Amino acid sequence: DGGITQSPKYLFRKEGQNVTLSCEQNLNHDAMYWYRQDPGQGLRLIYYSQIVNDFQKGDIAEGYSVSREKKESFPLTVTSAQKNPTAFYLCASSIVGGSETQYFGPGTRLLVL
Amino acid sequence: EDQVTQSPEALRLQEGESSSLNCSYTVSGLRGLFWYRQDPGKGPEFLFTLYSAGEEKEKERLKATLTKKESFLHITAPKPEDSATYLCAVLKTSYDKVIFGPGTSLSVIP
């Protein structure tokens, strides 16, 4: 089955700690995205990548970092500089130049200890 | 400023009571409008993509329509399993990011 997987489902971060969220897709999509979702708010774009070894900042990139070494993988690191990291994090992917429809993974909930 | 709004914020329906959700957008040059369903604690599930005014798409009890300024998601004879948050998003021409609305939380009561 093709799809997007995210791990872990829940992640706990201690103050001052960096944590990494995993996102893998086997849809052969070129573009991948990271969103943050807070209660009562729309999805906000953190980072996106349309090709391997290239990525762009979204609307709320401060305190986050990404890498895109493989087409299938787009991990997100939440650094200690992100002062309010508690949220639901969603990864998505899409083809480029087609319908642009984004397909989402199941999400990772990050909680601060 | 590019913006996507959804109304109502929350909607309670009796089972079988048809209604519509609204998505209004102010963007210059629409390339596509997307509807998603999101269950609590899960990722959004794709429903429809609409590209031009006058276009309609249907799936089971759901029908999405598009005009030049807004889209409607019509729910006919809803069932409790249709309870979810429905998200609308738009993609502009000459812009490679999608703008999401805040969503409408739908509850269908048996």
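At-a-glance table
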| read-out | value |
| --- | --- |
| Hits in the stretch B:47-65 (condition: in contact (Cβ under 8 Å) with a residue 12 or more places away in the chain, over 13 Å from B:LEU91 (Cβ atoms) and in a strand (DSSP E or B)) | B:LEU47, B:PHE48, B:LYS59, B:LEU62, B:LYS63, B:ALA64, B:THR65 |
| Residue in the stretch A:44-54 that is out of contact with any helix residue (DSSP H, G or I) (no Cβ under 8 Å at 6 or more places or on another chain), within 14 Å of chain B (Cβ to nearest Cβ), aromatic (Phe, Trp, Tyr) and surrounded by 12 or more Cβ atoms within 10 Å (Cβ to Cβ) present | yes |
| Number of positions in the stretch A:59-113 that are among the β-branched types (Val, Ile, Thr), touching a Phe, Trp or Tyr at 6+ places or on another chain (Cβ under 7 Å) and within 12 Å of chain B (Cβ to nearest Cβ) | 2 |
| Among (1) within 30 Å of B:TYR25 (Cβ to Cβ); (2) assigned to a strand (DSSP E or B); (3) free of Cβ contacts under 8 Å to residues at least 24 places away in the same chain; (4) of a type outside the set (Lys, Arg), the one test that A:GLN50 misses | (3) |
| Qualifying residue in the stretch A:22-41 (condition: exposed (fewer than 15 other Cβ atoms within 10 Å of the Cβ), within 12 Å of the chain's Cα centre (by Cα) and more than 8 Å from every other protein chain (Cβ to nearest Cβ)) | no |
| Pairs where the first residue, in the stretch A:12-26, is among the polar types (S, T, N, Q) and the second is part of a strand (DSSP E or B), C-beta under 6 Å, 6+ apart | A:ASN18/A:THR77; A:THR20/A:THR77; A:SER22/A:SER7; A:GLN25/A:ILE4; A:GLN25/A:SER93 |
| Residue check for B:GLY32: closer than 20 Å to A:TYR33 by Cβ, at pLDDT 95 or above and crowded, with 18+ Cβ neighbours inside 10 Å | no |
| Whichever residue in the stretch A:75-113 is over 22 Å from A:GLU15 (Cα atoms) and β-branched (Val, Ile, Thr) and, among such residues, is surrounded by the most Cβ atoms within 10 Å (Cβ to Cβ) | A:THR101 |
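The values are calculated or read from the model by the stated rules, or taken from the named source; none is laboratory data. The model shown is predicted, which means the values in this text are computed figures rather than measured ones. Positions of Cβ are backbone-derived with ideal geometry, glycine not excepted, and every protein chain shown enters the neighbour counts.
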